[in-house]
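Chemist: Below is a structure I'd like to ask you about.
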Amino acid sequence: MMEQGHGRIINISMNHETMKRKGFVPYGPSRAATESLSYIMAEDLKEYGIMVNMLLPGGATTTGMIPDEVRKELESKFQLLDPRVMAEPIVFLASAAAEGITGERVVATDFKDWLLKRK
């Protein structure tokens, strides 16, 4: 990417509360470290035309990360997000339309509002 003079890195993260939640070792701390890494990379790589951003769904999603017993409890309280909530924002962040956007933490469920505020 550095040789090309452009590129996109999109790191997947999670909400800050989940990073601190009991039972989420090592995933929670790894996402916290990824966010720190993303902010540093965004600054270090922007001079090379490489944009680094973070994307998180905006809530618990139906993925293999949630143990069955926890998933059932969560589903009794609210509807889990479909992982496809990430599709539109990830395509945008990977596109030429996102040129110059770096070091951002984008919440997929709030993507349309986030995008409107940027314009």
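The values are calculated or read from the model by the stated rules, or taken from the named source; none is laboratory data. Remember, predicted model here, so these are calculated numbers, not experimental data. Cβ placement follows ideal geometry from the backbone for every residue including glycine, while neighbour counts extend to all protein chains displayed. Calculation scope for accessible area: heavy atoms of the full protein, side chains included, ligands and nucleic acids excluded. Shrake-Rupley method; radii C 1.70, N 1.55, O 1.52, S 1.80 Å.
Chemist: Tell me, in nm to one decimal, what length is gained between Asn15 and Leu115 on full extension, where the rule is 0.36 nm per residue of separation less the Cα-Cα distance?
Modeler: On the way: separation 100, 0.36 × 100 = 36.00 nm, distance 1.92 nm.
Roughly 34.1 nm would be gained on extension.
Chemist: Continuing with this model, one more query. Name the long-range amide H neighbours of Ser13: under 5 Å, sequence gap of 5 or more, or other chain; modelled H, no Pro or chain starts.
Modeler: Those qualifying (amide H under 5 Å, at least 5 residues apart or on another chain) are Leu55, Leu56.
Chemist: Identify all lysines with a Cα-Cα distance to Lys77 below 29 Å; exclude those on the same chain that are fewer than 8 residues away in sequence.
Modeler: Lys20, Lys22, Lys112
Chemist: OK, next. Which of these values of volume of the Cα convex hull per residue in Å³ was calculated from the structure shown: (1) 205; (2) 112; (3) 93?
Modeler: Among (1) 205; (2) 112; (3) 93, the one calculated here is (2).
Chemist: Just in the stretch 34-110: which GluC sites (Glu not before Pro) are loop by DSSP and have at most 14 other Cβ atoms within 10 Å?
Modeler: Values: sites: Glu35, Glu43, Glu47, Glu69, Glu73, Glu75, Glu99, Glu104; in loops: Glu99, Glu104.
Those that pass, being in a loop and sparsely packed, are Glu99.
Chemist: Within 10 Å, count the other beta carbons around each residue, average over each peptide in 51-58, 105-112, and list them highest first. Present the calculation step by step, with values, prior to reporting the outcome.
Modeler: On the way: 51-58: 22.2, 105-112: 17.1.
Ranking, from highest mean packing down: 51-58, 105-112.
Chemist: Starting from 0.36 nm per residue, how many nanometres of slack lie between Glu47 and Ala33 once their C-alpha separation is accounted for? Could the numbers behind the result be given before it?
Modeler: Details: separation 14, 0.36 × 14 = 5.04 nm, distance 2.27 nm.
Full extension from Glu47 to Ala33 adds 2.8 nm.
Chemist: What is the set of long-range amide H partners of Gly103 at a cut-off below 5 Å, with H atoms built 1.01 Å from backbone N?
Modeler: Val52, Asn53
Chemist: Using only alpha carbon pairs under 8 Å that are at least six residues apart, calculate the relative contact order of the chain and give it in whole percent. Let's see the in-between values first.
Modeler: On the way: 157 pairs, mean separation 36.7, N = 119.
Computed over the chain, the figure is 31 percent.
Chemist: Could you compute how much accessible surface Ile12 exposes when probed at 1.4 Å, giving the result in Å² to the nearest 10?
Modeler: Solvent-accessible area, nearest 10 Å²: 70 Å².
Chemist: Kindly rank 22-33, 87-98 from highest to lowest mean number of other beta carbons found within 10 Å of each residue.
Modeler: On the way: 22-33: 12.8, 87-98: 15.2.
So the peptides 22-33, 87-98, ranked by packing, come out 87-98, 22-33.
Chemist: What are the ³J(HN,Hα) values, in whole Hz, obtained from phi via the Karplus relation 6.51 cos²θ - 1.76 cosθ + 1.60 with θ = phi - 60°, for each residue of the stretch 60-77 in sequence order, with x given for Gly and Pro?
Modeler: 5, 10, 7, 10, x, 6, 9, x, 3, 5, 6, 4, 4, 5, 5, 5, 6, 9
Chemist: Can you spot the aspartates and glutamates whose alpha carbon is less than 18 Å from Lys119's alpha carbon? Ignore those fewer than 8 places along the same chain.
Modeler: Excluding near neighbours in sequence, the set is Glu88, Glu99, Glu104, Asp110.
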